[in-house]
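No lab work stands behind these numbers, since they all come straight from the coordinates. All values reported here derive from a predicted model rather than from experimental measurement. All Cβ positions, even for glycine, are placed from backbone atoms using ideal geometry, and neighbour counts span all protein chains on display.
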């Protein structure tokens, strides 16, 4: 049994558990009260704030504990936008931000604000110059994650922060994935994070607002957490969050090196072991514990079940594993294959043998799924009776990922070189996966055309 | 050592601690994931929701876990208001609601909505007929607490819910104080509560929205908790909250009878033991564990410190114990004395001897504070040299509660019967406490007049 989904939530760190249990006795009272139980709670809260601030690299009075990382993002963005309302209502985000950032941007846009989404390259990286080009005189706030949660790619926060600083625009950094590994470098203005990503308990987020940043909390507030996070403080959880952040930081350098070696092993070995795989995310500038790849002709949900049965818990950005039937917005923004997507995110302490065992079960798991789906094999002979026609139409309407791609692959040999296949599909994933298949197979993706139902995706056979 | 502030926060119930510790191992993963850790987390979350729904008396799919009771109130009010935006933008609250309700009302008003605040009588009770009279064709939402958090008075929720139902207006009941004791009766539409009030952990609130109630969540949302509470679910805390609610309910009837006897003892004995005390809140329709009284000529903060030193943790609605220098809005709405205010709220399990010990130390604690402040004693002889003047002016400008009242009491004997004393004061508490003193002392409160600084409070000597 191996849990390889630390980027979703890390199991509770032993230090967090210890701190939580100890502070359940001392930290349950209202820290605003003057009696002894209240004073004890206040001392715990203050100490936790100092420890967390030290780990972030900010002043304690710049740091607010929120009820989750999501809440920190929502409050941080709306507070910063409101604080600079006079400057303008323009918001910049990258295309690969966490959904909490993008949801905030949607709400801002629905309320009449404007949003620029900065694209990323195929590795998932924002270019500092295109980010800088998005800055406008009416930009109220810019947001950039420190590292991506789905593919592990690190963003050029320092350079983007410099550009923002030069333009007088505050930069909010969502540091949820990177904070356990170290401080966020660069001259950022706001920062958010989430304790359960580093083995702290659920229910604790961090919102840091640097002194001097204009900030106007929105919605009903109370006197708690400097008016930035309403509601009774959850002190035992806050204490556990701060204690475990210190603990993971103490081991961060050594553990990062170790995990980086393990994820590098996966990066290198998976394409050797499994045919038709695309490893995604930056190979160098990446988080230590995350590695992501996509497998052609594979249904992500079935693969996850296979791996679960084999004892591995991973997640996927494939459309079939989400409730919305659309592929992950991160994979979409990168323009990479989304079918059969697997994110491996190793918790600190993952034994090397678990990774080796994963590499030993993965090829069969993928092969089983492909076989079930009737996917073409690499060694399949060319079609015995190629069609005379220069154009074939494949009707994949009503069929979900990865079927349209499989059907395309099965007939491409039926048209002569130079001929085209038109795949009719109403599956959102086809838009991403058919071009990605062309790229992997060296075929020519001509483009898409609206069809009676869905779209026609046109592919020209090159070889 | 006795903690008598359960209405702020109850110490963790042993069942909550047990459930929390057990579910830390099982409930840390993302319940939206398909692998085994996720499925286990989902099972725990579903079971907790069923248990909490059973205790509330609603369907599981009507109940959302939020990150605090405050958040439940904020989200509940803004969602219900937005859901009925087409009907109108009128909101009704009682004058003695929890601050989270009143803060929501302020935000609504600032955004252009209208708010009617229904007054209460001297016992802190809303009259169903005056509540019903506030209902208008454009009323989007009505809010009423089940019982008051500062004085324990129970509200006529059933009658008010009937009036609201007849008018087609949803009623939101803030049940934070009463839910541990039983379900809220009556045909309410929305309900909120807070786990740390019943010995659950901090960080868990409940928001119940009955099927058929129009509800439009505001702000950025995600797919969690039916889109009504964004952010990663805090499952161990939720499990502990549900388990402890069941546990306190199992003992509620017996414990309520026991605590009611103890608070009745305080209600009866305090006025016998301590001169110049007003016990506030309804004597009959009240929560089992709360009793509140105010002591003339006493500074609430000093009294709290004296009681803390004697081993009792209580809270106060006096102005001097708050950061705003205004008395509790509840005491203000009731029109009762606010100086020297003490709220005793007994946690379940409070031993009878603790209450007796409290009654034995209270008289000296109050007497010490009065002596330090130079308060007039009940047995003080009348002024040896009454003034010839029919009107005396007392300049209490810059002096805080309870000094203006003490200075008034010291000179009232200096004017002849029928003469007046004008107390100049810029302390917000004087507006409440000078009339309350007149009521207690049988003197005639004439009224207030604006003065150069602050106000002149005019009192006519009657006896």
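Things to note:
- Condition met for residue A:275 (in a loop (DSSP other than H, G, I, E, B), buried (at least 24 other Cβ atoms within 10 Å of the Cβ) and away from chain B (no Cβ under 14 Å)): no
- Any hit, segment A:199-209, residues being over 22 Å from residue B:68 (Cβ atoms), in contact (Cβ under 8 Å) with a residue 60 or more places away in the chain and in contact with a strand residue (DSSP E or B) (Cβ under 9 Å, 6 or more places away or on another chain): no
- Top-ranked residue in segment A:35-76 [being surrounded by fewer than 18 Cβ atoms within 10 Å (Cβ to Cβ) and outside any helix (DSSP H, G or I); ranked as farthest from the other protein chains (Cβ to nearest Cβ)]: A:57
- Breaking point among (1) in contact with a strand residue (DSSP E or B) (Cβ under 7 Å, 6 or more places away or on another chain); (2) within 21 Å of residue A:340 (Cβ to Cβ); (3) not in a helix (DSSP H, G or I), for residue A:408: (3)
- Considering the conditions (1) more than 10 Å from chain A (Cβ to nearest Cβ); (2) surrounded by 17 or more Cβ atoms within 10 Å (Cβ to Cβ); (3) part of a helix (DSSP H, G or I), residue B:93 is excluded by exactly one of them, (3).
- Hey, residue B:207 assigned to a strand (DSSP E or B) and under 25 Å from the mean Cα position of the chain (by Cα) or not: yes
- Residue that is nearest to residue A:97 (Cα to Cα), among those in segment A:320-345 that are assigned to a helix (DSSP H, G or I) and within 14 Å of chain B (Cβ to nearest Cβ): A:329
- From the list B:130, B:104, the lone residue that is surrounded by fewer than 20 Cβ atoms within 10 Å (Cβ to Cβ) and either more than 15 Å from the chain's Cα centre (by Cα) or within 14 Å of chain A (Cβ to nearest Cβ) (or both) is B:130.
- Out of B:372, B:399, sole residue that is part of a loop (DSSP other than H, G, I, E, B) and touching a helix residue (DSSP H, G or I) at 6+ places or on another chain (Cβ under 9 Å): B:399
- Some residue of segment A:62-74 being over 30 Å from the mean Cα position of the chain (by Cα) and farther than 23 Å from residue A:148 by Cα: no
- Only one of the numbered conditions (1) in contact with a helix residue (DSSP H, G or I) (Cβ under 7 Å, 6 or more places away or on another chain); (2) within 14 Å of chain B (Cβ to nearest Cβ); (3) outside any helix (DSSP H, G or I); (4) under 23 Å from residue A:332 (Cα atoms) is not met by residue A:124, and that is (2).
- Residue list for segment A:110-130, filter: touching a strand residue (DSSP E or B) at 6+ places or on another chain (Cβ under 7 Å) and closer than 28 Å to residue A:433 by Cβ: A:115, A:116, A:117, A:118, A:120, A:123, A:124, A:125, A:126, A:130
- When residues of segment A:1-30 are limited to those that are assigned to a loop (DSSP other than H, G, I, E, B) and more than 7 Å from chain B (Cβ to nearest Cβ), the one surrounded by the fewest Cβ atoms within 10 Å (Cβ to Cβ): A:1
One line per residue, one yes/no per condition, for (1) within 14 Å of chain A (Cβ to nearest Cβ); (2) crowded, with 17+ Cβ neighbours inside 10 Å; (3) under 30 Å from residue B:356 (Cβ atoms):
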| residue | (1), (2), (3) |
| --- | --- |
| B:209 | no, yes, no |
| B:220 | yes, yes, no |
| B:228 | yes, yes, no |
| B:236 | yes, yes, no |
| B:250 | no, no, yes |
| B:261 | no, no, yes |
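- Residue in segment B:178-190 that is nearest to the other protein chains (Cβ to nearest Cβ), counting only those that are in contact with a strand residue (DSSP E or B) (Cβ under 8 Å, 6 or more places away or on another chain) and closer than 18 Å to residue B:244 by Cβ: B:179
- Selection of segment A:263-278 for residues being closer than 16 Å to residue A:355 by Cα and touching a strand residue (DSSP E or B) at 6+ places or on another chain (Cβ under 7 Å) yields A:263, A:266, A:267, A:270, A:271, A:274.
- So residue B:99, is it within 25 Å of residue B:436 (Cβ to Cβ), within 14 Å of chain A (Cβ to nearest Cβ) and under 21 Å from the mean Cα position of the chain (by Cα): yes
- Filter result for residue B:348 (more than 11 Å from every other protein chain (Cβ to nearest Cβ) and either in a helix (DSSP H, G or I) or within 16 Å of residue B:4 (Cβ to Cβ) (or both)): yes
- Residue B:82, sole failed condition from (1) outside any loop (DSSP other than H, G, I, E, B); (2) away from chain A (no Cβ under 12 Å); (3) buried (at least 24 other Cβ atoms within 10 Å of the Cβ): (3)
- Test for residue A:196: is it surrounded by 21 or more Cβ atoms within 10 Å (Cβ to Cβ), within 14 Å of another protein chain (Cβ to nearest Cβ), within 25 Å of the chain's Cα centre (by Cα) and part of a helix (DSSP H, G or I): yes
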